[in-house]
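Asker: Mind looking over this structure? Questions follow.
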Amino acid sequence: MLGKRNEIDQLADQQWDLLVIGGGITGAGVMLEAARRGLKVLLVEQRDYAWGTSSRSSKMVHGGLRYIAQGDVKLTRHSLLERERLLKELPGLVERATYLFPLRKGVFPGRWPMKAVLWLYDFLAGIRDHRYLSLQQVKERAPALNTDGLTGAMCYTDALTDDCRLVMRTLLEATRHGGVAENYLQVTSVAREEQGFSVSLHDLVSDQKRTVQAKQVVNATGAWADRFSGSEARVRPLRGSHLFVDPERLPVSDCLTVMHPEDGRPVFVFPWEGVTCVGTTDLDHPQDMDIEASASNQEVEYLLTLINSQFPGRAISREDVFATIAGVRPVIASGKGGDPSKERRDHAVWGDNGVVTVSGGKLTTFRLIALDALLATGLISEGEHRKGQKTKAAMYSKLEAAPPAVDEFLHANQDDDDFFDWLLEQEAVQHLDDLMLRRTRLGLTRPQAGVAVLERRREQIKAALGWDDERWEKELSRYLDIHQQFYGVPVAPVVDNRKAG
Ligand SMILES: Cc1cc2nc3c(=O)[nH]c(=O)nc-3n(C[C@H](O)[C@H](O)[C@H](O)COP(=O)(O)OP(=O)(O)OC[C@H]3O[C@@H](n4cnc5c(N)ncnc54)[C@H](O)[C@@H]3O)c2cc1C
């Protein structure tokens, strides 16, 4: 159960086998794999579940064509096998999607190199799902696409998900096995003791502070990992931003990989939960990690330039963008600096002060990452780790009392009465932003931050969460402020074209 908040005293009274810091997909995966094995596990998240990078990805459960092109066959193969597993286990939350890679005269890669890469990609996944589309077929499927030099497209399949809902589904599953998770519970320090660790917690809901004891600690704080790793900084924080565009202004039916006209970087334009999603950027993020990441004006400009070069008839502007989102990738630095897009994307597990730190990697491979972290704690043996990597056993079970939207979120009406009842009762909503930006995506996929939904559901939410009018007003203003500052569209700087003198 995630719905009922535990008193911090109750948590402090117990001896935990494992404490997991961080409620993103990595922490959720570690919690599930540990709880399934009968370990007594507590996960704590400083803000909301999936508030970090795991609500801000490109939503792809994929092998990553880019990685195979970089020669990283092992990462691609593991990712593809995990993709196939998730497609089978969570239909409706992880769904196969069609991707188009438009081919243009004189632009690398052409048809035959792409065909070779896709053959290998499908082979590693154990499927055969790619083909060539003629120019006419591409025009029919993507009528607004720029046809300059277009000769056809390679068509293949990968998968899409809702990253937040994947985290929630994994946490819900872990609690079924007896795991305990709390959001808005921040770790302030970790001290090594003879018998394990003493971890100081600050409950940001009740403003209480306590210390809990755990035999092992996994630091799954992603881009924040260096704070508890005890080693020199290893994470190179790289920011990636996306735009959520009005689908009536920019309709697409497939996931398109298009090249940016300025630097030739591939960017995705794809249909997601009723809107058109465009991204990502990839740049260093030297900003304070205590401040929520947001898309800069230059990133918005960069993505709009891409859209208007690829869909020239659409004249898409900032007014057509419902929302933006920015995430910080916990990339394990090569130490060489250089082009962010060339840094490797696999995960690392290390632990020089006894705390096992796990960072980097992908959403797609969270199960394998979790097993590696558990092996490093010594809570599972090498044999269990090997068995876990290869097992065909199901990870998820049916959630009996849950409305269909929990498991079929990608096709569900997010503004459904039963679903809202469930979210408010079962999914630890503390603030309106939890509900609008992460439990549902109504704040990203509806115009004006989805306030129409909030107005209509005001009494239901107040009653379920025990809020009076004053609390409601405070929450509404908090949500709208957060939306405007971190998920809004930055105002374009005024360019003064008047000539001096
Ligand atoms: C732009 C972008 C696009 C991406 N696209 C894809 C994709 O399409 N497919 C894919 O597979 N992967 C993708 N990724 C990678 C993927 O999103 C990440 O690898 C993954 O989400 C990392 O999850 P995590 O749990 O390690 O980190 P996070 O999700 O960041 O979780 C760490 C959590 O730790 C919490 N925390 C920090 N400090 C404390 C503390 N003191 N106490 C308690 N909690 C704390 C944070 O609040 C945070 O919620 C993308 C990443 C980015 C940035």
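The values are calculated or read from the model by the stated rules, or taken from the named source; none is laboratory data. Fair warning: this is a prediction, and the values are worked out from it, not measured in the lab. Here Cβ is always computed from backbone atoms with ideal geometry, including for glycine, and neighbour counts include all displayed protein chains. Quick note on the areas: whole protein, heavy atoms, side chains included, nothing else; ligands and nucleic acids left out. Shrake-Rupley method; radii C 1.70, N 1.55, O 1.52, S 1.80 Å.
Asker: Quick one: which residues, 5 or more positions from ARG104 or on another chain, have an amide H under 5 Å from its amide H? H modelled 1.01 Å from N in the peptide plane, none for Pro or chain starts.
Answerer: Correct list: THR151.
Asker: Rolling a 1.4 angstrom probe over the protein chains, ignoring ligands and nucleic acids, what is the accessible area of MET114 in square angstrom, nearest 10?
Answerer: The accessible area comes out at roughly 10 Å².
Asker: Can I ask one more? With all protein chains present and a 1.4 Å probe, how do LYS59, LYS115, LYS74 order by accessible area, largest first?
Answerer: On the way: LYS59 0, LYS115 70, LYS74 145 Å².
The ordering from most to least exposed comes out as LYS74, LYS115, LYS59.
Asker: In percent, what relative contact order does the stretch 79-151 have, based on Cα pairs under 8 Å that are 6 or more apart in sequence? If you can, show how the numbers build up before the last one.
Answerer: Values: 37 pairs, mean separation 26.1, N = 73.
That works out to 36 percent.
Asker: Heads up, I need the accessible area for PHE268: 1.4 angstrom probe, whole protein in place, Å², nearest 10.
Answerer: About 50 Å², rounded to the nearest 10.
Asker: According to the square roots a ≥ b ≥ c of the eigenvalues of the Cα gyration tensor, what is the shape class of the stretch 413-487, taking rounded for a/c under 1.5, prolate for a/b larger than b/c otherwise, and oblate for the remainder? Present the calculation step by step, with values, prior to reporting the outcome.
Answerer: Details: a/c = 1.58, a/b = 1.13, b/c = 1.40.
Since a/c reaches 1.5 but b/c is at least a/b, the shape of the stretch 413-487 is classed as oblate.
Asker: Quick one: accessible area per residue over the chain, 1.4 Å probe, rounded to a whole number of Å²? Walk me through the numbers before you get to the answer.
Answerer: Values: 21300 Å² over 501 residues.
So the chain comes to 43 Å² accessible per residue, rounded to a whole number.
Asker: Quick check on the chain: helices-only [θ] at 222 nm, where DSSP H runs of length 4 and up contribute -39,500 (n - 2.57) each and the sum goes over total residues. Nearest 500, please. Present the calculation step by step, with values, prior to reporting the outcome.
Answerer: Values: 16 runs with 161 residues, N = 501.
-9500 deg cm²/dmol, from helical runs alone.
Asker: Of LYS4/LYS387; LYS88/LYS115; LYS59/LYS215, which ones are farther than 28 Å apart at the Cα? If you can, show how the numbers build up before the last one.
Answerer: Details: LYS4/LYS387 34 Å; LYS88/LYS115 26 Å; LYS59/LYS215 34 Å.
As for pairs spanning more than 28 Å Cα to Cα, those are LYS4/LYS387; LYS59/LYS215.
Asker: Measure off, as a whole percent, the carbon and sulfur share of the 1.4 Å-probe accessible area of the chain, all protein chains present. Walk me through the numbers before you get to the answer.
Answerer: Working: 10720 of 21300 Å².
C and S fraction of accessible area: 50 percent.
Asker: In addition: For LEU124, what accessible surface area do you get with a 1.4 Å probe? Give it in Å², rounded to 10.
Answerer: 20 Å²
Asker: Next question. How large are Rg and Dmax for the chain when calculated on the C-alpha trace, in angstrom?
Answerer: 22.7, 78
Asker: Got a sec to turn the phi values of the stretch 242-249 into Karplus ³J(HN,Hα) couplings, 6.51 cos²θ - 1.76 cosθ + 1.60 with θ = phi - 60°, whole Hz, x for Gly and Pro?
Answerer: Working through the residues one at a time gives 10, 10, 10, 9, 3, x, 6, 8 Hz.
Asker: So if I place +1 on the C-beta of Lys and Arg and -1 on the C-beta of Asp and Glu, and nothing else carries charge, what would the dipole magnitude of the stretch 108-178 be about its Cα centre? I want it in debye, nearest 20.
Answerer: On the way: 9 positive and 8 negative charges, 33 e Å.
Once rounded to the nearest 20, the dipole reads 160 debye.
Asker: Once phi is turned into ³J(HN,Hα) by the Karplus curve 6.51 cos²θ - 1.76 cosθ + 1.60 with θ = phi - 60°, what whole-Hz value does each residue of the stretch 2-12 show in order, with x for glycine and proline?
Answerer: Whole-Hz 3J(HN,Hα) from phi for the stretch 2-12: 9, x, 8, 6, 7, 5, 5, 4, 4, 5, 6.
Asker: Positive end of the charge dipole of the chain (Lys, Arg +1 and Asp, Glu -1 on Cβ, about the Cα centre): tell me which of MET289, LEU124, PHE366 has its Cα farthest that way.
Answerer: Going by the charge dipole, the pick is LEU124.
Asker: Find me the longest stretch of the chain that has none of the exposed GluC sites (Glu not before Pro), where exposed means in a DSSP loop (not H, G, I, E or B) with at most 10 other Cβ atoms within 10 Å.
Answerer: Working: sites that count: GLU194, GLU232, GLU248, GLU262, GLU400.
With GluC sites (Glu not before Pro) excluded where exposed in loops, the chain gives 1-193 as its longest stretch.
Asker: What angle, in degrees between 0 and 90 and rounded to the nearest 10, separates the Cα long axis of helix 163-176 from the longest principal axis of the Cα atoms of the chain?
Answerer: Relative to the chain, helix 163-176 is tipped by roughly 30 degrees.
Asker: Could you let me know the centre-to-centre spacing of the stretch 438-452 and the stretch 61-111, using Cα atoms, in angstrom?
Answerer: 29 Å
Asker: While we're on this one: Can you spot the aspartates and glutamates whose alpha carbon is less than 15 Å from LYS74's alpha carbon? Ignore those fewer than 8 places along the same chain.
Answerer: GLU82, ASP122, ASP346
Asker: Each residue of the stretch 378-384 in turn: what ³J(HN,Hα) in whole Hz from Karplus with 6.51, -1.76, 1.60 and θ = phi - 60°, glycine and Pro shown as x?
Answerer: So the J values, rounded to whole Hz, are x, 6, 10, 8, 4, x, 5.
Asker: For the chain, what is the relative contact order in percent, using Cα pairs closer than 8 Å and at least 6 residues apart in sequence? Present the calculation step by step, with values, prior to reporting the outcome.
Answerer: Working: 981 pairs, mean separation 98.1, N = 501.
Once divided by the residue count of the chain, the mean separation gives 20 percent.
Asker: Could you list which residues have their amide H under 5 Å from that of ASP346, counting only those 5 or more apart in sequence or on another chain, with H placed in the peptide plane?
Answerer: Amide H neighbours of ASP346: GLY361.
Asker: Continuing with the same structure: Taking amide H positions as placed in the peptide plane 1.01 Å from N, state which residues far from ARG329 in sequence (5 or more) or on other chains have amide H under 5 Å from it.
Answerer: Amide H neighbours of ARG329, under 5 Å, 5+ apart: LEU238, ARG239, GLY240.
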